[in-house]
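Only one structure is covered here, and it is reproduced in the block below.
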Amino acid sequence: MKVSHVKPGKGGAFAQVELKNLRDGRKLNERFRSEDRVEQVRLDNKDQQFLYETDGRLVFMDGETYEQTEIDADLLGDRRPFLQDGMMATVEYHGEEALSVRLPQKVKCRIVQTEPVVRGQTAANSFKPAILDNGLRIMVPPFVGRDEDIWVHTELMEYSERA
């Protein structure tokens, strides 16, 4: 998740790395020296289409084999509201086990509630709260109004641009 290269005044340099366990979400901090070797894990990336959700499980379909796979909804975490019916996502597998789901970088959402547009309010760093059609609350620029479509960055969970 994070890497920083540290060169202390005494001794050899090392990489301070923050790791995340893809199975249970635990974080771990490790130090790696230049002579350390790390085995690389091979993950299979498959582009799959989201079909529906049932009992906390997400059902995806492989576009080539039409095979359906159930994945735990917790893999998406707080990005779950961005998943829309029919959306293509990249699922990373280790063997038969799904470890993570990557959504498209930007998703189109509609604003269902926000303060009205105020004329003359053009300050570059001013934002106002808005509630999206998926229930998420984000900050948007003052010129964006209700019932407008916008693009939202799924990793940062913030406004990107008008649609």
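The values are calculated or read from the model by the stated rules, or taken from the named source; none is laboratory data. Quick caveat: nothing in here was measured; it's all calculated off a predicted structure. Quick reminder, even Gly has a Cβ in these numbers, built from the backbone with ideal geometry, and neighbours come from all protein chains shown. The protein model used for the area step is the full one, side chains on, heavy atoms only, and it has no ligands, DNA or RNA in it. Shrake-Rupley method; radii C 1.70, N 1.55, O 1.52, S 1.80 Å.
Is it true that some residue in region 78-90 is polar (S, T, N, Q), under 18 Å from the mean Cα position of the chain (by Cα) and more than 24 Å from VAL152 (Cα to Cα)? Looking through region 78-90, none of the residues is polar (S, T, N, Q), under 18 Å from the mean Cα position of the chain (by Cα) and more than 24 Å from VAL152 (Cα to Cα).
Screening region 30-71 for residues that are open to solvent by 100 Å² or more (accessible area, probe 1.4 Å) and among the basic types (Lys, Arg) and picking the one that is nearest to ALA89 (Cα to Cα) gives ARG42. Screening region 48-89 for residues that are in a loop (DSSP other than H, G, I, E, B) and charged (D, E, K, R) and picking the one that is nearest to GLN105 (Cα to Cα) gives ASP85. Looking across region 123-163, the residues that are open to solvent by less than 30 Å² (accessible area, probe 1.4 Å), in a strand (DSSP E or B) and farther than 20 Å from PRO104 by Cβ come down to LYS128, ALA130. Residue under question is LYS20, and the condition is that it be open to solvent by 60 Å² or more (accessible area, probe 1.4 Å), farther than 30 Å from LEU132 by Cα, charged (D, E, K, R) and under 21 Å from the mean Cα position of the chain (by Cα); does it hold? The answer is no for LYS20. Does GLU158 meet the test of being closer than 27 Å to LEU22 by Cα, at pLDDT 85 or above and acidic (Asp, Glu)? In short, yes.
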